[in-house]
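Everything on this sheet refers to the single structure shown next.
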Amino acid sequence: MTEVATFEVLGKKDTRSGFGEGLLEIAKQNKEVVGLCADLTGSLKMDAFKNAFPERFFQVGIAEANMIGLAAGMAVGGKIPYTGTFANFSTGRVYDQIRQSVAYSKKNVKICASHAGLTLGEDGATHQILEDIGMMKMLPNMTVIVPCDFNQTKQATIAIADLNGPVYLRFGRPAVPIFTQPDAHFTIGKADVLMEGNDVTIIACGHLVWKSIEAAEELRNQGISAEVINMHTIKPLDEEAILRSVAKTGCVVTAEEHMIYGGLGDSVAQVLSRNNPTPQEYVGVNDTFGESGKPDELMAKYNIDTPNVVAAAQAVLKRK
């Protein structure tokens, strides 16, 4: 059995703060970067950018569709606009504008979305969007990135400035463990193999990456060797990493803070069905809306917590 890596937790911090720090840093490096926010500057951690570059910050108010239109126009003028609001308002409320004004013409707009998934918590189902990854990955020309912790969110925020085209960057509200290194290199479309294993592959994104690491440690105590892959880029998907891993393990679990329909799990399943049909179990929200509650309690109730990843791995192993 392959020995799994041991991860040092460098503290806990919300991923939206990683976005805020990354935006400020890339703005210092690139004068074409501009920021737009729909009345949620504090929640999106864009205050530091606003204060440092007031002439490059645009507060559009509660007018998300207008924000996307403004961003598209700025991109035509050579700017690199980063838009900021909650994930629900970044996608569901403005899907037509994104499709017509950004994706269709491949505008260089970075759609940055906080408070995604159930871990938005007490704001409830109307704000806890669980369909956004699917909505955005289906748009031609759109890159979709879901980083796992504060450091990686900061790195991704910086990296997308060099990608010429539309990007959907998804992050969250709660403080979560920081386990990636601050100087790690972030490559769009290249998955990170965090743990090597021989028995089962666990592919995760966002907050579920840390839960998958915890699950792998529990599985190791049971004599099961799990390979954990941080699939931070949903589109373009690192198909090579998926196929290389399942060729070794023969089964896979996908884990995401998203509906099981249309998200990471569906993307992995498509790759496997075309290339190497493999038993797969999904950890995700199963065809339901969320509700108001504490983030950890919601993750447990809706079956996207560490024990659910463990159970999924145990179940898929029986299907090998």
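Numerical summary
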| quantity | calculated |
| --- | --- |
| Check on Phe58, under 30 Å from Ala216 (Cβ atoms), outside the structural domain of Val200 (by TED's automatic domain parsing) and out of contact with any Ser or Thr (no Cβ under 8 Å at 6 or more places or on another chain) | no |
| Members of region 252-276 found to be without any contact (Cβ under 8 Å) to a residue 24 or more places away in the chain and farther than 15 Å from Cys205 by Cβ, listed by number | Gln270, Ser273, Arg274 |
| Residue match in region 92-114 (condition: assigned to a loop (DSSP other than H, G, I, E, B) and under 24 Å from Leu264 (Cβ atoms)) | yes |
| Tally of residues being part of a loop (DSSP other than H, G, I, E, B) and surrounded by 20 or more Cβ atoms within 10 Å (Cβ to Cβ) across region 226-236 | 2 |
| Helices (runs of 4 or more DSSP H) contained in region 259-320 and holding at least 3 residues under 18 Å from Glu239 (Cα atoms) | 264-275 |
| Strands (runs of 3 or more DSSP E) contained entirely in region 6-68, each with at least 3 residues that are in contact (Cβ under 8 Å) with a residue 24 or more places away in the chain and surrounded by 16 or more Cβ atoms within 10 Å (Cβ to Cβ) | 33-37 |
| Among the candidates Ala159, Ala125, residue that is touching a residue at least 24 places away in the same chain (Cβ under 8 Å), assigned by TED's automatic domain parsing to the domain that holds Leu23 and buried (at least 18 other Cβ atoms within 10 Å of the Cβ) | Ala159 |
| Test: residue in region 164-175 that is in contact with a Leu (Cβ under 8 Å, 6 or more places away or on another chain) and either of a type in the set (Ser, Thr, Tyr) or surrounded by fewer than 20 Cβ atoms within 10 Å (Cβ to Cβ) (or both) | no |
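The values are calculated or read from the model by the stated rules, or taken from the named source; none is laboratory data. Note that the structure is predicted; figures quoted are calculated from it, not measured. All Cβ positions, glycine included, derive from the backbone under ideal geometry; neighbour counts span all protein chains shown.
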